[in-house]
Amino acid sequence: MPAEVAVSPTDTKSLLVIKFDVKSVYYENYKKLLLDLECEKTFVGVLTEEEADTSLTDLTPNDTQLFDKAKSVVSRTKDVAHAFSDPVLSSQLHAPPPQPTSIRNVYFGNYRVKPWYTSPYPEEYSCSRNLYLCESCLKYMNSDYVLQRHRMKCAWRHPPGDEIYRDQNISVFEVDGQRQPIYCQNLCLLAKMFLQSKILCYDVEPFLFYIMTEYDGASCKILGYFSKEKRSASNYNVSCILTLPIYQRRGYGAFLIEFSYLLSKAERKFGSPEKPLSDLGLLSYRSYWRKRVAETLLSMRSSVSIENIAQATSMVCDDVISALEALSVLKYDMKKKIYVLHVDKMKLYHVCKKWDEKHPQRVKPTSLRWTPYIGEAKISDLLLQEDILLPLSNQNHVYEGLCSNY
């Protein structure tokens, strides 16, 4: 017998005592598979003794003390937050409620931004004071060291979608929420920190995201974005729109608004943003509506009407009327008891000139390479109208082919 196994009654460190017969012919084969249980060595024959030493990773009393201290701090923070969130306990404590999130700084690229509102990040991240985001894939981390390690492996250089617009170093990418759910969720979580009216952060499948980027020689960095439903019952062309705070007051918000109406024009629809809008969003839209309507009125040579303006701008009539009232163009004639359009071309010219000076970045329709989204509902409509799509000579063949399947 090459080996005998016995239980060691005295030695507490050894579970088993293995005695090998050195003279056995099988000893050489067993020798390669031996594990020195007394010395607790691992990876015998693969690593050196120094490399296999795991004593450096053992927990020290100092490590245990730091962990217990951090655990107690987190526990007290949760208790205090719960007390302040309760209206009865909050009134008894006579203290102002704390901030809804413990995130105080968001590190995005080379910038540090303070969030405006609460975003529903997972608990292990929302409890941190600092949040670190990858500028390329928008992955969130709670440590600068983890971020640096991630940057070494992150291969993303642009949003994971189709580039549908490019003008010099400005590009717009279309990202499907159903195909890239993780990226779109990360984008919504980032936007929620700067938008109070945003509600959905994880249900991204029904939306398309249009992301504006700027190429800096190495990658396309995100400037802002807007999203819209794939099939909107109310024909909204924007569900959520945001320019990152670090890139605001540069005309990028107006660019996104103008781009959304360009897509509506390509779809041959009348578009309008989903309400309610944020305060900054409402100001931006009203400014764009005034400029767009003023520009259209100056270019019109035939009869002017609200319907004609809506056709030329792809805006709904309600937004056109709002812009006409803001421009003091729509007035009520007391004698005829009707509304009339009073056009002051010099005033409209100054409105357009002032807007162009503040927003040098304009959308060029010729740079758009885009096909409208066709969903299941649209496909069924096209099948019902196949006589329009197919030549008359092929209609009979298609009908015979359909009948042969039954």
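Numbers at a glance
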quantity: Pair list, Cβ < 7 Å and 6+ apart or interchain, from the range 256-268 residues that are under 13 Å from Gly224 (Cβ atoms) to residues that are assigned to a helix (DSSP H, G or I) and open to solvent by less than 10 Å² (accessible area, probe 1.4 Å); calculated: Ile257/Tyr285; Ile257/Tyr288; Glu258/Tyr288
quantity: Qualifying residue in the range 249-263 (condition: part of a loop (DSSP other than H, G, I, E, B), under 20 Å from Asp319 (Cβ atoms) and not aliphatic (A, V, I, L, M)); calculated: no
quantity: Which listed residue is over 19 Å from Ala254 (Cβ atoms) and of a type in the set (Phe, Trp, Tyr), from Tyr339, Tyr349, Tyr288; calculated: Tyr339
quantity: Candidates Val340, Val293, Val320, Val316 - the one that is open to solvent by less than 100 Å² (accessible area, probe 1.4 Å), within 29 Å of the chain's Cα centre (by Cα) and of a type in the set (Val, Ile, Thr); calculated: Val316
quantity: Top-ranked residue in the range 219-263 [being of a type in the set (Lys, Arg) and within 23 Å of Leu200 (Cβ to Cβ); ranked as most open to solvent (accessible area, probe 1.4 Å)]; calculated: Arg231
quantity: Enumeration of residues in the range 346-382 that are at pLDDT below 90 and either farther than 28 Å from Ser227 by Cα or touching a strand residue (DSSP E or B) at 6+ places or on another chain (Cβ under 8 Å) (or both); calculated: Gln361, Tyr373
quantity: The range 104-118, residues that are in a strand (DSSP E or B), touching a residue at least 60 places away in the same chain (Cβ under 8 Å) and either small (Gly, Ala, Ser) or crowded, with 16+ Cβ neighbours inside 10 Å (or both); calculated: Val106, Phe108, Val113
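The values are calculated or read from the model by the stated rules, or taken from the named source; none is laboratory data. This structure is a prediction, so every number in the text was calculated from the model and none was measured. As a convention, Cβ positions derive from the backbone with ideal geometry for all residues, glycine included, and neighbour counts pool all protein chains shown. We work out accessible area using only protein heavy atoms, side chains counted, and drop any ligands, DNA or RNA first. Shrake-Rupley method; radii C 1.70, N 1.55, O 1.52, S 1.80 Å.
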